[in-house]
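The values are calculated or read from the model by the stated rules, or taken from the named source; none is laboratory data. Just so it is clear, the structure is predicted and the values come from calculations on it, not from any experiment. Every residue, glycine as well, gets a Cβ built from its backbone with ideal geometry; the counts of neighbours run over all protein chains shown.
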Amino acid sequence: MSNADLHRAVEAVWKMEAAKVIAGLTRMVRDVDLAEDLAQEALLIALEKWPVSGIPPNPGAWLTATAKNRAIDHFRATERSGRKHEEIGRSLLEVERTPPDFDTPLDDPFNDDVLRLIFVACHPVLSTEARAALTLRVVGGLTTDEIARAFLLPEPTIAQRIVRAKKTLTQKRIPFQVPRGLDLAARLSSVLEVVYLIFNEGYAATSGAELMRVSLCEEALRLGRILAELEPREPEVHGLVALMEMQASRLRARTNAAGEPILLLDQNRAQWDWLLIRRGLTALKRANEIAAARGPYLIQAEIAACHACAVRVEDTDWRRIVSLYSELGQVMPSPVIELNYAVAVSMADGPIAGLKLIDDLMEEPALKNYHLLPSVRGDLLARLGRHEEARLEFERAAAMTRNAREKTLLAERARLSAEAVLQKSIETQVGQG
């Protein structure tokens, strides 16, 4: 294996194992910031040793054991010999010969370190924005830039939130545990938001060479299912699980053999995972049975069900989707929801009706750098035969996105629009001749 191949393999391992490693270390050292630093040190050691020894059979346990040894060195060397550090040092020394085993089946959700880490990161001492940003950083493994793009905010703003959140958790000495009772209910909404943000980053990666990061989708689904066991009477938990199950059912159909994106309307629905769809519909039924009023995740799950239950594209109930997006906009107002509503209207009432709504969003500050806005506008213009305008929108969208696969797709759509303009010009000249 070449050094380049090995580095790619280590990077892949890190993306899969980082959350578990950082979570396990946080339990040991009781400091999220220190745990992340130790995990990064272990990664650097892996980059030095694995080219010689090869990637170990259980890389997550190797990284954790290495980071734990670095923690022991840290506490031995530090001049701050307070009781807290002595206790943590003794605890680490006690488990020195028993590295964590991440292959052990998860029997008790309260013993899941990643879930504990999410609830710590979503503690009420932090703002909602800080909770989401921190969890995406330490659990989702996203870079600060990726989180900023997910939130449509400047990168320095996100960086400051993450730094302050870590300091606050350390200063407040937040216990590393899943809350119970009323404390659990109070933190659940933020946790659900974070879990879905992680899923969305996996479903449509904000940057990188691939359209999707399937491991993030799988981790979000796993955490969602655990939450459903923790809170069986909470409809929004089941709504979120239903939404993720049905969206995940399309993962295999979203790209071709070369990894190129396939738009929803062009997907081979025979490739959808009907087991996941059935699981999603079951979770949706459960959510509706216990819901006094429909929340945002339940409504979005209803929208996903409209797509999932349409065996053919033409069977899609766009009128119902328009109604559901209207309901969602009342429950959770957002420019992105308005954009999705406009798309649904364009499918139900035609591109002119959708374009009018899109044009009203063009000056929306929150969508200034959101590549899907010009992408959708370009699609509607193409459907109206306004190909030169469509080309400009696709080019603008391609310049905005940092995902290589999306950039290629949008560039190709711009090229096709340019060809359509040329063809129309030729036809016009022939007609005049």
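How many of the residues making up the stretch 236-255 are crowded, with 22+ Cβ neighbours inside 10 Å and either free of Cβ contacts under 8 Å to residues at least 24 places away in the same chain or not charged (D, E, K, R) (or both)?
Counting residues in the stretch 236-255 that are crowded, with 22+ Cβ neighbours inside 10 Å and either free of Cβ contacts under 8 Å to residues at least 24 places away in the same chain or not charged (D, E, K, R) (or both) gives 12.
Is it the case that some residue within the stretch 137-151 is at pLDDT 55 or above, outside any helix (DSSP H, G or I) and touching a Gly at 6+ places or on another chain (Cβ under 9 Å)?
yes
Need pairs with beta-carbon distance below 9 Å; first residue charged (D, E, K, R) and surrounded by fewer than 24 Cβ atoms within 10 Å (Cβ to Cβ) and within the stretch 120-142, second modelled with pLDDT under 90 and part of a helix (DSSP H, G or I); sequence gap 6+ or separate chains.
Partner pairs satisfying both residue conditions: Glu129/Phe151.
Does Leu184 count as buried (at least 17 other Cβ atoms within 10 Å of the Cβ), in a helix (DSSP H, G or I) and not hydroxyl-bearing (Ser, Thr, Tyr)?
When the stated conditions are applied, Leu184 does not pass them.
Considering the stretch 195-212 alone, what residues qualify as being buried (at least 20 other Cβ atoms within 10 Å of the Cβ) and either part of a helix (DSSP H, G or I) or among the acidic types (Asp, Glu) (or both)?
Val195, Tyr196, Leu197, Ile198, Phe199, Glu201, Gly202, Tyr203 - these are the residues of the stretch 195-212 that are buried (at least 20 other Cβ atoms within 10 Å of the Cβ) and either part of a helix (DSSP H, G or I) or among the acidic types (Asp, Glu) (or both).
How many residues does the stretch 307-345 contain that are assigned to a loop (DSSP other than H, G, I, E, B) and more than 27 Å from Ala366 (Cα to Cα)?
Matching residues across the stretch 307-345 total 6.
Within the stretch 391-433, can you find the residues that are among the β-branched types (Val, Ile, Thr) and touching a residue at least 12 places away in the same chain (Cβ under 8 Å)?
Selection gives Thr401, Thr408, Val421.
Take Ala258 and decide whether it is under 28 Å from Leu117 (Cβ atoms) and of a type in the set (A, V, I, L, M, F, W, C).
So Ala258 fails the test.
Are there helices (runs of 4 or more DSSP H) fully within the stretch 363-433 with at least 1 residues that are in contact with a Cys (Cβ under 7 Å, 6 or more places away or on another chain)? List them.
Counting at least 1 such residues, we get no helices (runs of 4 or more DSSP H) at all.
Let me spell it out: the conditions are (1) among the hydrophobic types (A, V, I, L, M, F, W, C); (2) modelled with pLDDT of 95 or more; (3) out of contact with any His (no Cβ under 7 Å at 6 or more places or on another chain), and Ala366 meets all of them except one. Which number is the exception?
In the conditions (1) among the hydrophobic types (A, V, I, L, M, F, W, C); (2) modelled with pLDDT of 95 or more; (3) out of contact with any His (no Cβ under 7 Å at 6 or more places or on another chain), Ala366 misses (2) alone.
Taking the stated definitions as given, is Leu43 closer than 20 Å to Leu142 by Cβ, part of a helix (DSSP H, G or I) and out of contact with any strand residue (DSSP E or B) (no Cβ under 6 Å at 6 or more places or on another chain)?
Yes, satisfied.
Inspect the stretch 293-302 for any residue being surrounded by 15 or more Cβ atoms within 10 Å (Cβ to Cβ) and of a type in the set (Asp, Glu) and give the result as yes or no.
Checking the stretch 293-302: at least one residue is surrounded by 15 or more Cβ atoms within 10 Å (Cβ to Cβ) and of a type in the set (Asp, Glu).
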